[in-house]
Amino acid sequence: MKLVKVSIITKIIVSLIVATTVPFIISNYLSYQITGNSIKRQLVELNQNSMSITMSALQSYFHELSLLGLTYFSDPELVRLLSEKKPQNPAESVYIEHRLEKIYANYSEIGAVSYKSALTNKQFNIRNHYNEIVIIPDFKNHEMSDAHSELKQPFQVTLNNREPRLRVNKPFIDIYTREVIGLTTFDVKPLQIKNFLTSLTTSEQGPVYLFIGNNLELLYTTADEKDSTELSLSKGVKQPTQQETAQKTREPWQIELYQRLHAPQLSTDKGEIQTTEGSYVYFNKTDENGLIMTIVKFIPRTLINKARNSALGKTLLIQAVSIIFISILATLISYYMLRRIKIMFQHIKQLQMGNFQLKSRPVQKTPDELDLLDIRLHEMAGELDELWNKQYRHQLELSQARLKMLQAQINPHFLYNTLQSIATLAIKSKAHDVSDRLADFAAMFRYSMDIENEEVSLEEEIEHIQHYMVLQQGRYKQRLQFELEYSDEASRVLVPKMTLQPLVENSIIHGLERGNGQIHIVVNIALTKHSLLIEVIDNGKGFTDQQIEQVKAGFIEQVVVVSEKRGIGLSNVLKRLMLYYGNEFTWSISSEPYKKTIVALSLPIESSREGQADEVINRR
C-alpha cells in the first residue's frame, strides 16, 4: 500500500530503474557467458598457433641432433677407422675419441656420448664426467638384442638423477653395404627445449608439457619440480608392462589425450580437453622421420574468469553510470512534468471553487501532451464560465417567469368561480351564446392554469384547441375557417402540453391579422410506426425566406424569448420540443404567401407512451 501512495516522480524513477536494470542483468549474464567462451576460444586458437611455431622449431632441433651422426662422413679417416673389422689400437682409439669430442663440442647440452662398434664390439665413451656411461650391449649378427630393443628407437626419454633426458640413438651405416656397423647414443639435457617452450609460458597461464612417442613419454614440463618428477617417473621407470604402468599413473586428462591420439575417429592434430580446473590445449605432429611430438598447455579456468570478470567489471561500471544518469534525467523530467501537473491540479481546484478565470501560460510552438491538456482545461473553463452564465440567466428568466405565473395565478379559483357566476347570469338572462363562450373560456383557463402536468394526451390538446378556435371563430366569424383531422389511435399518444395552440395562434396572428383578413387553417395529425406527424396548413401571409432563416437561427440559439405580445412564439415551441424529444425531433417550414404555408412537426413516439395516455385520461 505504501508503494501505491508514493508520488508519481518516485514511481517513474523506480519504474525506469527496474526497466533498465532487469535488461542489464540479463544482458550481463549472457555477455558473461559469451565473453568467457569467446576468450577461451581465442586463447585456444592463439596457443595452438604458437604451438605450431614452437613445434616447427623443435622438429628442426631434433633433426639437427639426428644429423650429428652423419658428420662422421666428413672425416674419411674417422670413417675408415670405424669401418675396420679388427680392433683399433690405442692411438686409433684416441683419434676416434678426439674426433667425436670435436663433433659434439658445440653442443653443451649433450652429456655422455657413446659409440659401439658392431664390427669389433668395442665402445668409445666421451664426456663421461657429465653422466654415467651408457652401456651399449654387443651386437649379435649386426642386430640389437631384444632386451635392448629401445636402442632401436631414434629418440627416447630416460631419467638421470630423477631428471628427464632425451636419448638420441643414431645407427652408423656403411654407405656401400647399407649395413649397420655401429651405434651412437647420447643424452641431451632439455636446456634448448626449455628455451623453445618458454615462449609458450606466461606468469598467468598454466604449465606446458612436451611428450614424444606414441606412449606420450614426458620429456619436459614447466610445471612445479615435484609434479614434473612424478610425471617423469611415471614414464621413465621400467615396469613389466610399461604401457599399463603409464596408464595407471596418468592423470585423467592424459588418459583422454592418449585415447584421442590413438582412436581413429577422434584422432586430430590439435584440440582441447576440458576439465573442472581448466582446459588442456594440445598440438600433435609427426615429422618426416616418424618422430611423434605432442605439446600440451594448460589454460586455468581462473585465467578465463579473470578476463571475463574484468570485462564484466567495465560493463557494470558503464551500466552503473548509465543508471545514475537515467535516474537523474528521470528525476528532472518527472519534476518538470509533475510541476505542470500540480499547476493544472490547482486550476481544477479553482474550478471547484467556482473561479473560471484561470491564469493561462504562453502556448508553445510545438505543444506536447501536457500543453494540449492545459489548453483543453482552459477551454473547458471558458465553456463552463459561459455555461454558468447561461444557466444563471436561465434561472433568472425562469424565476421571472414563475413570478409572473404566480402573479397570474392569484386566486385562480376566485376567477374561475367568477366566470361561472357570469355564465349563470347569462343563462338566466337567456344569453346562451355568452354562456357558451364563457364555458369555453373557463375550460381554456382551467387547462392553462394546470401546471402540475407537463405531459398530456393528444386528445386533451385537441379539446383545448377546439375551445380556443370556438372563441376565435366567435371573434372573426366567417373570416376564419378551421379543420381538424386525426385518428383515434393518434389521440392516445402523449405529447407536451401547449403544443398545438401556439402553432394555430401563430397562423391566426401572422396569416389573418397581418394578412388580407381571411384565412383557412387545416390541422392534420397522422400516426406512423415510430412518429406522430403534425401539419398546420394555412393560406395566409406566410413566411419569407428571410423569416424562415430567422426562425432557424432562433431555434439554434437555444434561448427562450418571452414576448408579452406574441406569447411563446413558434421558435420557442420548436425549442421546447427539441429539449423534450432530443435530436430525434424534426421540423420543417415551407411557404407560398397567400397560397399554402405548411409547418410540419415529427414527434418520435415510444410504445410505452401510448399505454400511458389512457392512464392520463382516466386520471382527469
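The values are calculated or read from the model by the stated rules, or taken from the named source; none is laboratory data. Since the structure is predicted, the reported quantities are computational estimates derived from the model, not experimental observations. Counting neighbours? That spans all protein chains shown, and the Cβs are built from the backbone with ideal geometry, glycine included. Ligands, DNA and RNA are excluded from the accessible area calculation, which covers all protein heavy atoms including side chains. Shrake-Rupley method; radii C 1.70, N 1.55, O 1.52, S 1.80 Å.
Note on the range 139-162: among residues that are of a type in the set (D, E, K, R) and in a strand (DSSP E or B), the one that is modelled with the highest pLDDT is GLU143.
Checked against (1) within 30 Å of ILE12 (Cα to Cα); (2) in contact with a helix residue (DSSP H, G or I) (Cβ under 6 Å, 6 or more places away or on another chain); (3) open to solvent by 30 Å² or more (accessible area, probe 1.4 Å), ALA307 passes all but a single condition, namely (1). Looking for something loosely packed, with under 15 Cβ neighbours inside 10 Å, more than 29 Å from VAL18 (Cα to Cα) and not acidic (Asp, Glu) - is there at least one such residue anywhere in the range 319-337? The answer is no; no qualifying residue exists.
Does at least one position in the range 95-112 carry a residue that is open to solvent by less than 70 Å² (accessible area, probe 1.4 Å), assigned to a strand (DSSP E or B) and aliphatic (A, V, I, L, M)? There is at least one residue in the range 95-112 that is open to solvent by less than 70 Å² (accessible area, probe 1.4 Å), assigned to a strand (DSSP E or B) and aliphatic (A, V, I, L, M).
Looking at ASN417, ASN411, just one residue is modelled with pLDDT under 75, at positive phi and of a type outside the set (A, V, I, L, M, F, W, C), and that residue is ASN411. Among the residues of the range 265-281, is there at least one that is in a helix (DSSP H, G or I) and of a type outside the set (D, E, K, R)? There is no residue in the range 265-281 that is in a helix (DSSP H, G or I) and of a type outside the set (D, E, K, R).
Checking LEU338, LEU332, LEU316 one by one, the residue that is at pLDDT below 80 and either in a helix (DSSP H, G or I) or not polar (S, T, N, Q) (or both) is LEU338 and no other. Of all residues in the range 34-63 being surrounded by 15 or more Cβ atoms within 10 Å (Cβ to Cβ) and among the hydrophobic types (A, V, I, L, M, F, W, C), which is farthest from LEU166 (Cα to Cα)? So the residue we want is ILE39. Of all residues in the range 438-497, those that are among the β-branched types (Val, Ile, Thr), under 23 Å from SER602 (Cβ atoms) and in a helix (DSSP H, G or I) total 2.
Within the range 565-585, identify whether any single residue is closer than 21 Å to GLU463 by Cβ, open to solvent by less than 60 Å² (accessible area, probe 1.4 Å), at pLDDT 85 or above and assigned to a helix (DSSP H, G or I), and answer yes or no. Yes, the range 565-585 has at least one match. Pairs please, first residue from the range 363-385 and at negative phi, second anywhere and open to solvent by 50 Å² or more (accessible area, probe 1.4 Å) and modelled with pLDDT of 80 or more, Cβ atoms under 8 Å, 6+ apart in sequence or on different chains. What qualifies is LEU370/ILE341; ASP374/ILE343; LEU377/ILE348. Of the residues making up the range 163-208, those that are modelled with pLDDT under 85, in a strand (DSSP E or B) and among the polar types (S, T, N, Q) number 0.
Looking only at the range 365-385, decide whether some residue is at pLDDT 75 or above and more than 44 Å from the chain's Cα centre (by Cα). Among the residues of the range 365-385, at least one is at pLDDT 75 or above and more than 44 Å from the chain's Cα centre (by Cα), which makes the answer yes.
If I filter the range 451-469 down to residues being under 19 Å from GLU505 (Cβ atoms) and acidic (Asp, Glu), which single residue comes out as surrounded by the fewest Cβ atoms within 10 Å (Cβ to Cβ)? Across the range 451-469, the extreme among qualifying residues is GLU463.
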